[in-house]
Amino acid sequence: MKEKFSSQDEFYMKRALELAALARGRTSPNPMVGCVIVKDGRIVGEGYHHQAGTPHAEVHALAAAGSMAENAAVYVSLEPCSHFGRTPPCADALVRAQVSRVVVAMVDPNLLVAGKGIQRLEQAGIAVQAGLLAEEATRLNEAFIKAITKRLPFLLYKAAFSLDGKIATATGESRWISSEQSRAYVHRLRNYYDVVMVGSETVVKDNPALTCRVPGARDPVRLIVDGKLRLPEDAQVLLASSSAPCIIATSAAAPASKINALRQRLGVEVWQYPDERYVPLTTLMRDLSQRGWNSVLLEGGGILAGSLVKAGLVDKIEFFLAPKLIGGHGPSPLAGFHIEHLAEAPSLHRLEVSMDTGDLHVSAYLNP
């Protein structure tokens with residue numbers, strides 16, 4: 001039976017989702033969660049989970065509400081946890097506060113919770129309803145959901161190219177195809193995603209720092225996939241001042257002397273895989289997930305991106321099509337992906353298109 005919710009319920013849950021989103025990019029491996037406590041038609045407490053290892057959203061909201069939480073209604077964007085992790089169970093905190101009703105946007109996909117939080121509340125006599133704005137809550141925590149259910153990070157591929165599908169000229173020039181507004185948007189993505197990832201070709205040709213230039217933001221972990229360890233030791237990405245780690249994923253073909261130099265002189269993490277030529281991409285993604293990183297922003301190049309699409313590891317694309325024509329033999333954003341028949345072409349879902357940045361901004365999901 002479908003739950004019935006009022007317009008007021010929806011208003012308060014939207015606020016809970018807004019609060020949760022304030023911590024975008026800060027909570028991995030945990031989800032983003034917001035909580036609003038309402039009594040007599042007004043908000044008496046609200047809060048959100050700031051980062052992993054710190055109090056959860058419900059704890060912040062209960063602290064703000066104080067004694068007003070008794071017999072109040074609670075709106076939370078994700079089912080309250082019922083297990084001991086780095087913090088105590090939030091379901092128990094709500095029971096102790098003697099709230100009367102809890103409205104949940106979505107059930108927690110973590111098997112440690114997965115309905116147990118709701119069950120704990122109901123056993124204490126608290127009325128619980130679930131499913132309000134569930135689609136919005138799922139979209140907000142899509143990276144957490146994939147990480148907790150698949151043990152793989154959510155991967156977004158961002159690319160900028162001309163209207164005729166070229167990410168650079170035949171000579172390799174690519175600065176700048178997209179608009180200044182599009183590039184500013186990408187820096188906001190770097191602030192939100194745990195890891196920014198590129199192939200060695202991108203480092204050799206473009207020499208990016210891969211840092212985030214949004215005031216007050218933080219840098220993502222920088223990951224370079226370089227099977228033969230060909231990137232120069234004076235590359236900006238290796239020398240950039242950042243508190244975030246820099247990781248190079250390489251193969252058995254990498255020279256031991258260069259690995260040692262990168263580790264000892266530059267403080268770079270080098271992950272060497274036993275394959276003689278290639279970095280095993282699925283294994284690499286699993287290793288990122290095990291480190292507690294839920295999301296990866298792939299920024300190039302076309303060969304690496306094509307290989308990740310072929311492996312089924314790309315979840316979403318955001319393409320910026322600039323109003324320019326390049327022609328010739330410039331590289332493709334999916335140079336590493338090849339199909340023989342149209343029936344093999346991946347289908348895109350939930351397509352969104354805008355011109356807000358001056359480029360044609362297209363976003364879509366590969367995995368429904």
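The values are calculated or read from the model by the stated rules, or taken from the named source; none is laboratory data. Since the model is a prediction, treat every value here as computed from it, not as a measurement. All Cβ positions, even for glycine, are placed from backbone atoms using ideal geometry, and neighbour counts span all protein chains on display. Heavy atoms of the whole protein, side chains included, go into the accessibility calculation; ligands, DNA and RNA do not. Shrake-Rupley method; radii C 1.70, N 1.55, O 1.52, S 1.80 Å.
When region 132-149 is filtered for residues that are of a type outside the set (D, E, K, R) and under 17 Å from residue 31 (Cα atoms), the ones remaining, listed by number, are 133, 134, 137, 138, 140, 141, 143, 144, 145, 147, 148, 149. With respect to the conditions (1) outside any strand (DSSP E or B); (2) within 30 Å of residue 3 (Cα to Cα); (3) in contact (Cβ under 8 Å) with a residue 24 or more places away in the chain, residue 129 lacks only one, and its number is (1).
The residue pairs whose first member lies in region 150-162 and is more than 12 Å from residue 308 (Cβ to Cβ), whose second member is of a type in the set (Gly, Ala, Ser) and modelled with pLDDT of 95 or more, and whose beta carbons are closer than 6 Å, counting only pairs six or more residues apart or on different chains, are 151/289; 154/143; 154/295.
Those helices (runs of 4 or more DSSP H) of region 177-271 in which at least 1 residues are within 29 Å of residue 28 (Cα to Cα), of a type outside the set (A, V, I, L, M, F, W, C) and open to solvent by less than 60 Å² (accessible area, probe 1.4 Å), considering only elements entirely within it, cover 180-192, 200-206. Of the residues contained in region 293-310, none is found to be surrounded by fewer than 15 Cβ atoms within 10 Å (Cβ to Cβ), modelled with pLDDT under 95 and among the hydrophobic types (A, V, I, L, M, F, W, C). Among the conditions (1) modelled with pLDDT under 95; (2) under 25 Å from the mean Cα position of the chain (by Cα); (3) open to solvent by less than 10 Å² (accessible area, probe 1.4 Å), the only one that residue 156 does not satisfy is (1). Annotation note: Cβ proximity below 8 Å between a residue of region 267-288 that is closer than 25 Å to residue 156 by Cβ and a residue that is of a type in the set (Phe, Trp, Tyr) and assigned to a strand (DSSP E or B) (sequence gap 6+ or interchain) occurs for 284/271; 287/271.
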